[in-house]
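The structure appears right after this line, and notes come after that.
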Amino acid sequence: MIPNPAPLRFPMYVCLALILLLMSHSALAGDVYITPTASGGDTGANCANAHSASWFNSNATGGNTYHLCGAFTGTANTTMLTPASGSAGNPLIILFESGADLTSPQWSTNGAIYINGKNYVTVDGGTNGVIENTANGTGLAHNTSSSGIAIMGASSNIEIKNLTIRNIYQKKGSSSNGTGLDISVGQAGNPSLTNIFIHDNTLSAGYGGISFTLDANGSGYHVYNNTISDACHHIAMSENSGPHTYSDILIYGNNVTNWDNWVSPADGCHTDGIIIFGAPGSTMPVSVYNNYLHGDIQPTSSADASPTAFVFCTYGAASPGPVCTIYNNVIANVGDAQDPSGHNNVLIWLKDGRPGNSVYNNTLVGLTTSEGTAIRFETSTTTATLRNNIVTGFKLFVDSYDDPTTQATSNNNDFNGYTSGGWFYAATIGGSAGFYTLSQWKAAGMDANSTTGDPKLDANYKLQAGSAAISEATNLTPLAILPLDSDKAGTARPSGSTPWDAGTYQFGSEPAPSGLQASVQ
């Protein structure tokens, strides 16, 4: 019998050296550090010995995390970083180290970071990463198009998160509008885009906050948990031409506010919070939920502003448009009272959509019963469903370019603030414009089980004891819309046949643990 060979034994110092060598190789392979120009030994091992931005643009590969160190300053109309593709399980990651920023007087339309026809790329702002312009806007050295980040070409599996992008276009007063986009996705003639995830960013001062321009079949567009302010259109999901087929488009958990700098001149920008429009013949379902939209899209005067709506679901070149499912949102018009006609300051506008638009469990708050419109239908919008909403503080709860009783079914809502005048406006009732009184509205088969009682909202738009909205709503569990089965704060709504509460929040709702968010798949 041949004896087993004795195991190899190495001195302890040799073992330690091998371990350190392996650890060093792993660190260098997985983590590469980048500064504007090469620093120290130019090894990429740390910020003191980092590779340059130009090295990154020529040599970066998937599977590595590229750490940005310090201040990257670009000249006007340039781009700083152009990443390569990663692969499934091995994305290329750009990570901003603490204090890192990409600054230019005016980044080009391709952005400070240009992702063109790439796959599996993540841009992570870390704790405080910043992309910004310093001199683009009204009265500044530059007054032209610019982007913070641009995603073009047949890109897929792109994630943008945890960034602050600001001052891409600083508009002031009644100057002409700029075209700066904080995050730009796609363009006319762009090939298919798939799985684009934009979340947990803070965006301000740009014509568009997050702007998609779609022009080919695609899926997996998730825009969530962003804070966006000081824009004309804060979130835009638009189709350039059709017909195409889209799926899995989700806009949720965003905080949207402040149109003050974009309302003048009147025709320069029709202000919106979330605007969605598709082309004829396309299939474009969009879910808009758990968002907080607040402020005033017409904050100066009706002579200046050209607003549409906080949520505007419409068409592009011709009707019909997309199908929007709008639920669990708090939308509060909390600005100046400027619209006694009741035809502006619209919270939800469904314009020429396909059958199937729905508005569930939203809390819609206006300024006064002498102005504003909560929900508007426009010609050809058919079979929309309004259920379980709280609508309070409006001159018009529902208005329409046609007769809304032929365009929608409505029930289990709390329409609060009714006066003896018209409540539901129609451009055509028996051949002429007019108003439905509450009794006429109900006689037409609308809101048989709705209330006009006080919802008793607190400062956070939650229900207080004695609210008329408690147990007012129908149970929508059978719709199988998973996020709708919980309120905006994450509190589960009753299952089975137990009535729900109307509005965005269940009575007694508490905030959900940080970071939890359901999404539709």
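Just wondering, is there one or more residues in the stretch 112-132 that are among the small types (Gly, Ala, Ser), assigned to a strand (DSSP E or B) and at pLDDT 95 or above?
Applying the first criterion (among the small types (Gly, Ala, Ser)) to the stretch 112-132 yields 112, 117, 125-126, 129.
Narrowing the set further to residues that are assigned to a strand (DSSP E or B) leaves none.
No: the stretch 112-132 contains no residue that is among the small types (Gly, Ala, Ser), assigned to a strand (DSSP E or B) and at pLDDT 95 or above.
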Notebook entry, point to check: Among the candidates 392, 363, 406, 385, which residue alone is more than 16 Å from residue 436 (Cβ to Cβ) and surrounded by fewer than 20 Cβ atoms within 10 Å (Cβ to Cβ)?
Noted result: 385
Next item on the list: Could you check how many residues of the stretch 118-130 are out of contact with any Lys or Arg (no Cβ under 8 Å at 6 or more places or on another chain) and in contact (Cβ under 8 Å) with a residue 60 or more places away in the chain?
Entry: 1
Next item on the list: Could you check how many residues of the stretch 241-259 are within 19 Å of the chain's Cα centre (by Cα) and of a type outside the set (A, V, I, L, M, F, W, C)?
Entry: 9
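Residue 465 - would you say it is within 24 Å of residue 424 (Cα to Cα) and modelled with pLDDT of 95 or more?
No.
Which ones in the stretch 307-334 are assigned to a loop (DSSP other than H, G, I, E, B) and of a type outside the set (Ser, Thr, Tyr)?
Answer for the stretch 307-334, where residues must be assigned to a loop (DSSP other than H, G, I, E, B) and of a type outside the set (Ser, Thr, Tyr): 307, 316, 317, 318, 320, 321, 322, 328, 329, 334.
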Item checked: Qualifying positions in the stretch 460-469 - more than 12 Å from residue 361 (Cα to Cα) and assigned to a loop (DSSP other than H, G, I, E, B) -> 460, 461, 462, 464, 465, 466, 467, 468
Check: When you scan the stretch 356-376, how many residues do you find that are in contact with a Ser or Thr (Cβ under 7 Å, 6 or more places away or on another chain) and modelled with pLDDT under 80?
Finding: 1
Check: What are the residues in the stretch 142-172 that are of a type in the set (A, V, I, L, M, F, W, C) and farther than 26 Å from residue 127 by Cα, if any?
Finding: 152, 154
Item checked: Pick from the stretch 290-319, criterion modelled with pLDDT under 80 and over 18 Å from residue 230 (Cβ atoms), ranking: farthest from the chain's Cα centre (by Cα) -> 303
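The values are calculated or read from the model by the stated rules, or taken from the named source; none is laboratory data. It should be emphasised that the depicted structure is a prediction, and the values quoted were computed from it without experimental measurement. Glycine also receives a Cβ, built like all others from the backbone with ideal geometry; neighbour counts cover every protein chain displayed.
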